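Just so it is clear, none of the values below were taken in a lab; they were calculated from the coordinates. Predicted model only: the values in this text are computed from it and were never measured. In this analysis, Cβ positions are derived from the backbone assuming ideal geometry, glycine residues included, and neighbour counts consider all displayed protein chains.
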Amino acid sequence: MPKLEGEIAELEEILPSEENIKKVISNELAAVNKKYVMPRRTGRIEPHEVIEVSLEPEVEEYPVTIMLSRDGYLKKMTDRVLKKATTLKYKDGDKPFIEFPSSNTHELLVFTNKSQVYKCKVAAFEDTKSAQLGSYLPTDLEMEPDESVIWVIDPEDYKADVLFVFENGRVVRVALSGYVTKPTASASRTPSTAAASCCMPRCSRRIATSHWSRATIA
C-alpha cells in the first residue's frame with residue numbers, strides 16, 4: 001500500500017503540470033532509445049545530388065510496319081515476321097487499307113469519323129503474327145458504338161504538318177506540334193473541344209469540331 005500511495009502521489013504531482021508531463025515523456029523516450037538503439041539506415045543528400053528516375057517502363061526500340069485494314073484492325077509487324085509471311089490474315093470482307101513504316105518507340109494518331117484523334121504508343125500494341133487479325137482499334141480505344149477509324153499516321157517527332165481534307169472539299173494544314181501531350185499519372189476528362197480523357201494505357205484523345213474524310217502528313 002505505501003508503494004501504491006507513493007505512485008499515486010507522484011502522478012498527482014505530474015498531471016497538473018504540462019512541463020512535468022513533457023519531462024516524463026522525454027525521459028521515457030530516452031530510455032527506450034538507449035535500450036533499443038540501432039544505427040541509422042538512411043542517409044542525407046543535398047538537393048543537387050537528387051537523380052530523377054522515369055517511372056515509365058523502358059521500351060525496346062525496333063522497326064515495325066503498321067498496317068490498318070478497312071474494318072479497323074491494326075497490325076504491328078516486325079521485319080522478321082514480314083519476311084517469313086506469305087499471306088496475312090483478314091476477316092471475310094475486310095482488306096488492307098493503310099501501310100507505313102514506324103518504330104516500337106513511336107506514337108500513332110488515329111483519326112475517326114467522329115472528328116476525334118486518339119494518340120497511342122506503338123509499344124502499347126503487341127507484335128502481330130501473320131496468322132493474327134491484329135488489334136481491333138474501336139474496341140481497344142473504347143470508341144463509341146458508331147465510331148470508326150478513317151486514318152492512322154505516325155507523327156514521328158511532331159515537327160511536320162498534317163493536311164485535313166474535309167467532306168465539303170476544304171483542305172486545312174495543321175501543325176502536328178499541337179498534338180504533343182505530356183504524360184499524366186491518371187486520366188481526367190476536360191469539358192472542352194480541345195482535349196478529352198485517356199482511352200487506353202498510354203493513350204490520349206483530342207477532339208476537333210468538323211468532320212474530315214482524310215488526313216495525311218505534309
The ³J(HN,Hα) series, computed from each phi in segment 15-27 with the Karplus coefficients 6.51, -1.76 and 1.60 at θ = phi - 60°, rounded to the nearest Hz and given as x for glycine or proline, is 4, x, 10, 5, 5, 5, 5, 4, 5, 5, 4, 4, 5
For H106, what is the net charge nearby, where nearby means another residue's Cβ is under 10 Å from its Cβ and Lys, Arg count +1, Asp, Glu -1?
-4
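In the neighborhood of G72, defined by Cβ-to-Cβ distances under 11 Å, what is the net charge if each Lys or Arg adds +1 and each Asp or Glu adds -1? Mind dumping the intermediate values first?
On the way: positive: R70, K91; negative: D71, D94, D140, E147.
Residues near G72 contribute -2 overall.
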For segment 124-136, just list the computed ³J(HN,Hα) in residue order, Karplus coefficients 6.51, -1.76 and 1.60, θ = phi - 60°, integers in Hz, with x standing in for Gly and Pro.
6, 9, 6, 4, 9, 8, 4, 8, 9, 6, x, 8, 7
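Is the C-alpha gyration tensor of segment 54-148 telling us rounded, prolate or oblate? Criteria: a/c under 1.5 is rounded; beyond that, a/b larger than b/c is prolate, otherwise oblate.
Details: a/c = 2.05, a/b = 1.05, b/c = 1.96.
Judged from the Cα gyration tensor, segment 54-148 comes out oblate (a/c at least 1.5, b/c at or above a/b).
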When the Karplus curve 6.51 cos²θ - 1.76 cosθ + 1.60 is applied with θ = phi - 60°, which whole-Hz ³J(HN,Hα) does each residue of segment 105-118 get, with x for Gly and Pro?
8, 7, 10, 10, 10, 10, 9, 10, 6, 9, 6, 10, 10, 9
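Beta carbons within 10 angstrom, averaged per residue: use that to sort the peptides 33-44, 160-171, highest first.
With the highest mean Cβ count within 10 Å placed first, the list reads 160-171, 33-44.
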Under 17 Å from K89, Cα to Cα: aspartates and glutamates that are on another chain or at least 8 residues apart
D71, D79, E99, E126, D127
Listed by chain and number, the residues whose amide H is under 5 Å from that of K114, excluding neighbours fewer than 5 places away on the same chain and using placed H, are S148
Please compute, for the alpha-carbon atoms of segment 29-68, the extent along each of the three principal axes and give them in descending order in Å.
72, 24, 14
Could you pull out every residue, at least 5 positions away or on a different chain, whose amide H is within less than 5 Å of the one on N104? Hs are placed 1.01 Å off N in the peptide plane, and Pro or chain starts have none.
Y62, V64
Under 20 Å from the Cα of K23 - lysines, other chains or at least 8 residues apart:
K34, K35
